[in-house]
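Here is the structure we will look at, set down as structure tokens.
The values are calculated or read from the model by the stated rules, or taken from the named source; none is laboratory data. Note that the structure is predicted; figures quoted are calculated from it, not measured. Every residue, glycine as well, gets a Cβ built from its backbone with ideal geometry; the counts of neighbours run over all protein chains shown.
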């Protein structure tokens, strides 16, 4: 009789164990209960599996977090990666943790635009709520010291592109990505440099590219613009380009470029000084860098904005002056892109 009772208890315990196991397995396989179809969840640096599961329970997504933890540890699903993740309401805790372990993070984006300055980039960073802001009121020299000990002036070194990053990435880390991208692109394009290019260093190419970037938004014109500037440099002519003058005027420039501005000498005034300015004046894209290193053949020395985003190119000063009268007889457009005017300095921009 006792034997029968023991056998009965044995099978009963097996049945209870099987039922309990089935119940717990169903518990860990349940979809998590969200109020929405999806939500973002941030795993902080150093967060443990226990901490994350307890947080799930506090939010009402799961019950019995200890059961979920035992199951996940039994299956060796414990090595979480920090970051922000999108979790959906049809996920179980196991599926959510697998996603976190795999590092399938939500990435935010930020865009640096061609022709914009370093100051513009700092503004873009400061307005992005997903960036961890550490720069504050730091001077340019202090910022560059955190990025590269070799570079003193920041202008032109931050490649215009879209960058993807994890929430909480610092502004300095994003700037480092853009700086490294510029170095990579500059090295690649320098390797394709034409013998006709009138630049002797990659940095000079970056300076010329920044001017080309500011002069035209029409991709097909960039080598032609480069050709004009290259021939001017070779002949010892001044570049006479408004964007460099404007950059040299600094933040006090009110948008109205006058004859007196062109005559006011600064290191960036290419109406009063020959050669390239001392630094880039903006961030240049790959196409502008390629154009600086591969100028178009020809004999044009002048160009003037036509008012539609493109330019008329001229060989002689007489032809250029005629084009100025033709295309700008109604005055300068607000979106005007500057152009070299004559071979002598001090002329009013057309």
Fill in the blank from the handout: All-but-one check, residue 102 against (1) exposed (fewer than 15 other Cβ atoms within 10 Å of the Cβ); (2) more than 30 Å from residue 64 (Cα to Cα); (3) more than 13 Å from the chain's Cα centre (by Cα), failing number (2)
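Could you please find all residues in the stretch 31-44 being touching a strand residue (DSSP E or B) at 6+ places or on another chain (Cβ under 9 Å) and part of a loop (DSSP other than H, G, I, E, B)? Break it down stepwise before answering.
Step one: list which residues in the stretch 31-44 are touching a strand residue (DSSP E or B) at 6+ places or on another chain (Cβ under 9 Å), which gives 31-32, 34, 37-43.
Hits for the stretch 31-44 are 31, 32, 34, 37.
For (1) closer than 20 Å to residue 213 by Cβ; (2) surrounded by fewer than 23 Cβ atoms within 10 Å (Cβ to Cβ); (3) touching a helix residue (DSSP H, G or I) at 6+ places or on another chain (Cβ under 6 Å), each residue gets a yes or a no:
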site: 256; (1), (2), (3): no, yes, no
site: 267; (1), (2), (3): yes, yes, no
site: 279; (1), (2), (3): yes, yes, no
site: 286; (1), (2), (3): yes, yes, yes
site: 308; (1), (2), (3): yes, yes, no
Handout entry: Residues being assigned to a loop (DSSP other than H, G, I, E, B) and surrounded by 14 or more Cβ atoms within 10 Å (Cβ to Cβ) - total across the stretch 128-148
Key = 6
Handout entry: Subset of the stretch 156-173 (residues that are in contact with a helix residue (DSSP H, G or I) (Cβ under 6 Å, 6 or more places away or on another chain) and surrounded by 21 or more Cβ atoms within 10 Å (Cβ to Cβ))
Key = 156, 157, 158, 159, 171
Practice task
Could you please give the count of residues in the stretch 310-323 that are assigned to a helix (DSSP H, G or I) and buried (at least 20 other Cβ atoms within 10 Å of the Cβ)?
Solution key: 2
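Can you give me the number of residues within the stretch 45-76 that are part of a loop (DSSP other than H, G, I, E, B), touching a helix residue (DSSP H, G or I) at 6+ places or on another chain (Cβ under 9 Å) and under 17 Å from residue 105 (Cβ atoms)? Quick ask: steps written out before the conclusion?
Taking the stretch 45-76 as the starting set, the residues that turn out to be part of a loop (DSSP other than H, G, I, E, B) are 45-48, 59-64, 75-76.
Filter once more, so that each one left must be touching a helix residue (DSSP H, G or I) at 6+ places or on another chain (Cβ under 9 Å): 47, 61-64, 75.
Narrowing further to those that are under 17 Å from residue 105 (Cβ atoms): 47.
Number of matching residues: 1.
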Exercise for the section: Only residues that are within 25 Å of the chain's Cα centre (by Cα) and either assigned to a helix (DSSP H, G or I) or without any contact (Cβ under 8 Å) to a residue 40 or more places away in the chain (or both): list them for the stretch 279-309, please. Expected result: 286, 287, 288, 289, 290, 291, 292, 293
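Somewhere in the stretch 218-226, is a residue out of contact with any helix residue (DSSP H, G or I) (no Cβ under 7 Å at 6 or more places or on another chain), in contact (Cβ under 8 Å) with a residue 12 or more places away in the chain, outside the structural domain of residue 136 (by TED's automatic domain parsing) and buried (at least 18 other Cβ atoms within 10 Å of the Cβ)? Before the answer, list the steps.
So the first thing to find is which residues in the stretch 218-226 are out of contact with any helix residue (DSSP H, G or I) (no Cβ under 7 Å at 6 or more places or on another chain), and the list is 218, 220-221, 224.
Filter again for in contact (Cβ under 8 Å) with a residue 12 or more places away in the chain, leaving 218, 221, 224.
Pick out the ones that are also outside the structural domain of residue 136 (by TED's automatic domain parsing) and you get 218, 221, 224.
This time we only want the ones that are buried (at least 18 other Cβ atoms within 10 Å of the Cβ), so: 221, 224.
Yes, the stretch 218-226 has at least one match.
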Exercise for the section: For the stretch 150-171, state whether one or more residues are assigned to a helix (DSSP H, G or I) and either closer than 21 Å to residue 213 by Cβ or within 13 Å of the chain's Cα centre (by Cα) (or both). Expected result: yes
Practice task
Tell me, yes or no, whether the stretch 328-349 has at least one residue that is in a loop (DSSP other than H, G, I, E, B), at pLDDT 90 or above and more than 28 Å from the chain's Cα centre (by Cα).
Solution key: no
Handout entry: Unique match (being assigned to a helix (DSSP H, G or I), surrounded by 22 or more Cβ atoms within 10 Å (Cβ to Cβ) and assigned by TED's automatic domain parsing to the domain that holds residue 305) among 233, 208
Key = 208
Problem - Scope the stretch 99-121; condition more than 29 Å from residue 207 (Cβ to Cβ) and assigned to a loop (DSSP other than H, G, I, E, B); matching residues - result: 103, 104, 105, 106
Handout entry: Unique match (being out of contact with any helix residue (DSSP H, G or I) (no Cβ under 8 Å at 6 or more places or on another chain) and assigned to a helix (DSSP H, G or I)) among 176, 184
Key = 184
Exercise for the section: Examine the stretch 95-110 for a residue that is touching a helix residue (DSSP H, G or I) at 6+ places or on another chain (Cβ under 8 Å) and either without any contact (Cβ under 8 Å) to a residue 24 or more places away in the chain or closer than 25 Å to residue 282 by Cα (or both), and state whether such a residue exists. Expected result: yes
